[in-house]
1. With only alpha-carbon pairs counted, each pair once and no self-pairs, how large is the Kirkwood hydrodynamic radius of region 102-185 in angstroms?
2. Order these by the 10 Å Cβ neighbour count, fewest first: 71, 162.
3. When 308, 256, 250 are ordered from fewest to most other Cβ atoms inside 10 Å of their Cβ, what list results?
4. Find, to one decimal place in angstroms, the Kirkwood hydrodynamic radius of region 290-371, where the mean of 1/r is taken over every pair of different Cα atoms and then inverted.
5. Rank the residues 322, 170 as a footprinting-exposure proxy: fewest other Cβ atoms within 10 Å of their Cβ go first.
6. Place the peptides 107-115, 89-97 in order of packing, highest mean first, counting for every residue the other Cβ atoms within 10 Å and averaging per peptide.
7. Over region 230-334, calculate the relative contact order: mean separation of alpha carbon pairs under 8 Å at least 6 apart, over the residue count, as a percent.
8. Hey, rough spin-label estimate for residue 283 and residue 241, points 7 angstrom out along Cα→Cβ, what's it come to in nanometres?
């Protein structure tokens, strides 16, 4: 289990590096204007930032065929390949000569790292008993969160005009320390007589309506979490003028909130059930993100910390819903479709958030309040779709 923990930690570190360093990258490759827009304070326009982040997210559409291969070639084999190449390409981003080369490198690495994280969760679910399943998922979610937080800490410690290059190059460390250990992870057993479906990316007909609901949920979460996380460091360092070291301190402190959220997710998922835990987590994430971008340093700090706690509450329950209700022979394929839906939601959210941020006056006092209100809240009623999914807290895997 701990090998999987360090695998998702390494993937989270590499994947979050693009967001962590975005303000430094924008200042390094952009130029400043005199207008009262995002570009006047960070060097690149909100549209350019949003387009870059959207391209980064759009590349995750490749996660579908990659995840489907895990249903055919085996979970552990695909995990080793995707994690290795995702980390290597992230390290290559340290040599970026322009903003768009930086975007290209992370766009290539993103689907590989996304699939690696997804397969860690699937393997964890398939190797755990019903009683321990949500606990193991919470541990893996913590690993992803620690990796993301470590990226922010390294970003705050390593300063200078080329600091982002050193951050990306450090992705070589988990290649040496973690990837070789993945060969010792056992392959989850298939059901007797099980064969993959005929076409890559196909799920069984009887599960398609269920998959559509989970994909809709993933889309909704992506609309919120895409811009909520994607603009964090640009907003804090560029608009609020917080020191990178101060932002890193907020990230470290928020780890306590994330841990509390994970503990709450474990408890609520067992008592209230997976579905209600997801509802509470999504609503809390939307409200906390709206507060964080509402203007001022104090609302940002409080909103960010609450948002991390809400994310800790949400993530294990969403993972459980996304894996437990599908059969082994197409579970990884279903996870690929769910990832695609989340990517599309994040792209839409990033585009809308960046466009509204450019269209309205931006200052440290007003922040990105209008963009947050328009992006994070309107889709929340769609959570009612969860009543059509089965409760899986006591469900045996098929």
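Computed from the coordinates by the stated procedures, all read-outs in this text should not be read as laboratory data. Nothing here was measured: the structure is a model prediction, and the numbers come from that model. Here the Cβ is made from the backbone with ideal geometry for all residues, glycine too, and neighbour counts use every protein chain on show.
1. Details: mean 1/r = 0.0673 Å⁻¹.
Its Kirkwood hydrodynamic radius stands at 14.9 Å.
2. Values: 71 27, 162 11.
Starting with the residue having the fewest Cβ neighbours, the order is 162, 71.
3. Values: 308 27, 256 12, 250 20.
Ordered by Cβ neighbours within 10 Å, fewest first: 256, 250, 308.
4. On the way: mean 1/r = 0.0664 Å⁻¹.
It works out to 15.1 Å.
5. Working: 322 28, 170 19.
So the residues, fewest neighbours to most, are 170, 322.
6. On the way: 107-115: 25.9, 89-97: 19.2.
Per-residue Cβ counts within 10 Å, averaged per peptide and sorted highest first, yield 107-115, 89-97.
7. On the way: 119 pairs, mean separation 34.4, N = 105.
With pairs under 8 Å counted, the relative contact order is 33 percent.
8. The two pseudo-label positions are separated by 3.9 nm.
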